[in-house]
Every structure is written in C-alpha cells, then in structure tokens.
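Novice: Can you read through this structure? Questions will come right after.
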Amino acid sequence: MKNMRVKFKSYWIRGDIVKTVVYCSGCSKEFTVKNMPLTCNCGGILSLKRDSELCADRFVCPEEWSMFRYRNFLPLDSIGNAWQDITLGEGMTPVIEYGDALANLKVKMDYMMPTLSFKDRGASLLIALAKNLGIKEVVQDSSGNAGTAVAAYAARAGIKCSIFVPAGNSRKKIQQIFAHGAKVYEIEGSREDTAAAALKKVLNENLFYASHVYNPFFYEGTKTYVFELYEQLQGELPDCIWVPVGNGTLLLGCYYGLLDLMTAGLITRMPKLIAVQSNNCAPIFNAFHSGNDMVEPFQGRKTLAEGIAIADPKRGRLILQAIRDLDGDVLAVEEDAIRKAAARLAADGFYFETTTAATFAAYFDNPRYHNTASVVPACGAGIKSSIV
Ligand SMILES: *Cc1c(COP(=O)(O)O)cnc(C)c1O
Ligand SMILES: [Zn+2]
C-alpha cells in the first residue's frame, strides 16, 4: 500500500496572532475568509493553513477553562474575540481509565459538552467566525449532533438558524435543535438528500453555510481534542488515537492538531489514528483497504451508528491521506457487535450514544490493539439515542 507522506508546512514568525489562509485542497488557489466560496471553481474542497509561527510556550492560556485555553493555536485572526460572547465552557472533558479488564484503554468523555456531543468543539469556533464576520443567518445539515451544536451556539450569538435533518432521525436530537429556536427541516430520503436540500437553500438565498463538512473552520475547533489529550496526559500521547469516521471532522481535527503539536515542538513522535466505520456504511474502510487514493460513494444500508452513516464523505481523500500518513488503520463493525458493545458499556457504567458503541465495538473486538496504549472517544451521550 502506498504510504502518502504529507510534508510539514514551513512556518515563520509574523506577529503574535496565528494567521490563517484559506486554500483549495485541489488546485491550491487561495481565498480570503470573507469571500470564501463553498468550494473552489475546480470543485476542490477548502482547507486552512497557517502562515505564522506556533510558539510552544504559548500553547495554554491557563486562566481560561474551556477549549479556548488553546486559542493561541486557533485562528484568532478570523474569530477575533467573538468566542468570548458565545462560549458555553465547551471542551475540558475528562480522560478516565476504562477499567481493570482493559488496562491500556483510556476513554475521553467528549459527550460531557454543553450540547452533549463533541460537535461543540467545531460549532463554537464556526459560529464565533460567523459572529465576527457579522453574519445574520446560517444554514446547516446534520444527522443531529452537529445541527444541535450549531443551533445552540447560533442562539447564543443571536444568529438566525435553519437546520436540515433526515426524516426519522432521533427525536431527542430534533427536539433539542427546535428548543434553541432554530427552524427544522426534516427531509425524506438519504443523508445526501438532506445535504442537497440545505445546499439549495444556501445557494438560493445566499446564506452562510455553517457546514461541518465544507467549512474548514470546524476542523480548527476539533483540533482541541488532541490539545486537551496532550495537556491531560502530560505530553504522553497514547500509541493509538481511535476515532469514529463519518465526515471525518474529529479525525481530521486530530490530525491537524497533531501536526500543530509537532510543528510547535511539543511532540516528537506521532500516534496512529485508528478510524472506525460501520460495515453497513464503509466508504473509507473500502478505499483504505483497496489502496485507493479517492473514496467511492458507498451504497449504504441502514446502520445503528447513525452518526457515522456518511456514504459519500466530501473530505474522503484528505481522510485517507491523514490515516496513511500516521500509519493508522481503518476498522469496520457489524450491527450485532454494536449491540453487544452498547450492552457491555452500560454494564460497565457507561451510557453512550449508539454511534459511540460502534467505536468501542471495534476496540473490544480487535485484541491485537489491547497491548498498546489507546484512547477511545465517547463522542455522544446515550440520552440522545441509545439501544440499551
Ligand atoms: C458526528 C459524530 C460522529 C462522526 O463524526 P464525523 O465528523 O462525521 O466523522 C461520531 N459520533 C457522534 C456521536 C457524532 O455526533
Ligand atoms: Zn481549486
């Protein structure tokens, strides 16, 4: 299999604040944050790079008890002070030992968040950006958690919000979105049909698409997952960082965050990223194990892991590159394994959402990883959607 080494970017000092440049991941064309299109003319998806130094000694602002304690590693030039108005204390989630039976497994309790999923990391940063840009109305589409997070922060920012969700999604998530005053559109058909409907509203009405897929600022927020791990584990990152993968917002955030830690000289060795998908919707799994660089859309069947049921991940190529660059792996789990994992977790005192049970199912059922230090994220709360 081809191992695509991604070179670290070169950095140089220019003032105190980290400067961010938006560019096309297809043709490298650059854009200003204010005039950032949804995608490049070439069809390429937009990414971010920095053109300033990251200083290790500025990594943590210890007086701030939210993920914005890492703001010197976040795109402050784009979000300004807007984060101060909207923060709900997101981040700072505990890292705990799973328990005696699995001695090398730690769990990052990332559902301990204002809206009960890790999506608050990306949504808080993205809505801070929208607020700083003076945006009055945003649109988002989601299977639930990203929509909930965007709705909550938009409410806090005083920004009007429309969320598109697939019909038949967990009622709890839809209720939560609705409670924040967002307009909810339930769309029949696939997850992709929901995205298409949101996109249509964005284009027709020229609105800000607060998308966790298209907007690269979401991934700046999810970087804080590994920043926290680094601080909480006193610089000793585990050998394996496990991540569920649908659109790859946590996976890419982890990857970019790790690159930042390396660039700043805080780490010298990279962990592996172990990505987890459901067998019923496994486009990344298929591409990875076929040695492909591009991801083919998957003819998805329904899965209990609704949070990772993404048949056509728009950042697929970047996700594959990230996993291969860090010599990682992609695993896929059966529905029955998800059910068993959910029951085992509950028996061990954990009440997580079903998509999170899928990540744990991959860990439980792959003992070849049990001799090495791992952190598995609990991305969503069981109270939103659970089969146990
Ligand atoms: C969004 C979500 C995922 C998947 O994240 P991606 O960014 O789509 O890869 C996994 N678990 C939960 C609970 C989620 O909300
Ligand atoms: Zn381009």
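Novice: With the other protein chains left in place, how much accessible area per residue, in square angstrom, belongs to the chain at a 1.4 angstrom probe?
Specialist: The answer is 40 Å² per residue.
Novice: By the scheme Lys and Arg +1, Asp and Glu -1, what is the net charge of all other residues having a beta-carbon under 13 Å from that of GLU137? Kindly include the intermediate steps, with their values, before the conclusion.
Specialist: Details: positive: LYS131, LYS136, LYS160, LYS183, LYS201; negative: GLU205.
Local charge sum for GLU137: +4.
Novice: I would also like to ask the following. Please compare each pair in LYS223/LYS302; LYS19/LYS314; LYS272/LYS314; LYS34/LYS160 to a cut-off of 27 Å on the Cα-Cα distance and tell me which ones are over it. Show your work: numbers first, answer last.
Specialist: Working: LYS223/LYS302 30 Å; LYS19/LYS314 25 Å; LYS272/LYS314 22 Å; LYS34/LYS160 19 Å.
The pairs that break the limit, which is 27 Å between Cα atoms, are LYS223/LYS302.
Novice: If you roll a 1.4 angstrom probe over the protein chains with everything in place, what fraction of the accessible area of region 295-382 belongs to carbon and sulfur, to the nearest %?
Specialist: 48 percent
Novice: Could I ask something else about it? Go ahead and estimate [θ] at 222 nm for the chain from helices alone: -39,500 (n - 2.57) per DSSP H run with n ≥ 4, summed, over the residue count, rounded to 500.
Specialist: Working: 13 runs with 132 residues, N = 388.
About -10000 deg cm²/dmol.
Novice: If you place +1 on the Cβ of every Lys and Arg, -1 on the Cβ of every Asp and Glu, and leave all else neutral, what size is the dipole of region 20-86 about its Cα centre, to the nearest 20 Debye? Walk me through the numbers on the way to the answer.
Specialist: On the way: 7 positive and 8 negative charges, 51 e Å.
Value, rounded to 20: 240 debye.
Novice: Contour minus end-to-end for ILE17 and GLU97, with contour as 0.36 nm per residue of separation and end-to-end as the Cα-Cα distance?
Specialist: 25.2 nm
Novice: For the chain, what does the alpha-carbon gyration tensor say about shape, rounded, prolate or oblate, given a ≥ b ≥ c as the root eigenvalues, a/c under 1.5 as rounded, and a/b over b/c as prolate? Mind dumping the intermediate values first?
Specialist: Values: a/c = 1.30, a/b = 1.08, b/c = 1.20.
In terms of gyration-tensor shape, rounded.
Novice: Tell me, what is the FRET efficiency for THR372 and MET294 to the nearest 0.05, using R0 = 35 angstrom and their Cβ-Cβ distance as r?
Specialist: 0.70
Novice: In nm, to one decimal, how far is the LYS201 label point from the MET112 one, both placed 7 Å along Cα→Cβ?
Specialist: Taking the two extended label points, one gets 3.4 nm.
Novice: Just to be sure I understand the model, the point goes 7 Å from the Cα along the line to the Cβ. What's the resulting CYS55 to ALA167 distance in nm?
Specialist: Going by the 7 Å Cα→Cβ label model, 5.7 nm.
Novice: Sticking with this structure for a sec: Pulled fully out, how much extra length does the chain show between PHE178 and ASP365, if you take 0.36 nm times their separation in residues and subtract their Cα-Cα distance?
Specialist: 63.6 nm
Novice: Looking at the chain, identify the longest residue range that excludes and avoids all GluC sites (Glu not before Pro) in DSSP loops having at most 12 other Cβ atoms within 10 Å.
Specialist: By the stated rule (loop sites, at most 12 other Cβ atoms within 10 Å), 237-388.
Novice: Shape verdict for region 99-152, please, from the Cα gyration tensor: rounded (a/c under 1.5), prolate (a/b greater than b/c) or oblate. Numbers along the way, then the final one.
Specialist: Working: a/c = 4.29, a/b = 2.74, b/c = 1.56.
Prolate.
Novice: Given +1 on the Cβ of Lys and Arg, -1 on the Cβ of Asp and Glu, and no further charges, what dipole in debye does the chain carry about its Cα centre, rounded to the nearest 20?
Specialist: Charge dipole, the chain, about its Cα centre: 680 debye, nearest 20.
Novice: Suppose a student asked you for the relative contact order of the chain, using Cα pairs under 8 Å spaced at least 6 residues apart; what percent would you report?
Specialist: 16 percent
The values are calculated or read from the model by the stated rules, or taken from the named source; none is laboratory data. Bear in mind the structure is a predicted one, so any value in this text is a computation, not a measurement. Methodologically, a virtual Cβ is constructed for each residue, glycine included, from the backbone with ideal geometry; neighbour enumeration extends over all protein chains shown. What goes into the accessible areas is simple: the full protein's heavy atoms, side chains included, and nothing from ligands, DNA or RNA. Shrake-Rupley method; radii C 1.70, N 1.55, O 1.52, S 1.80 Å.
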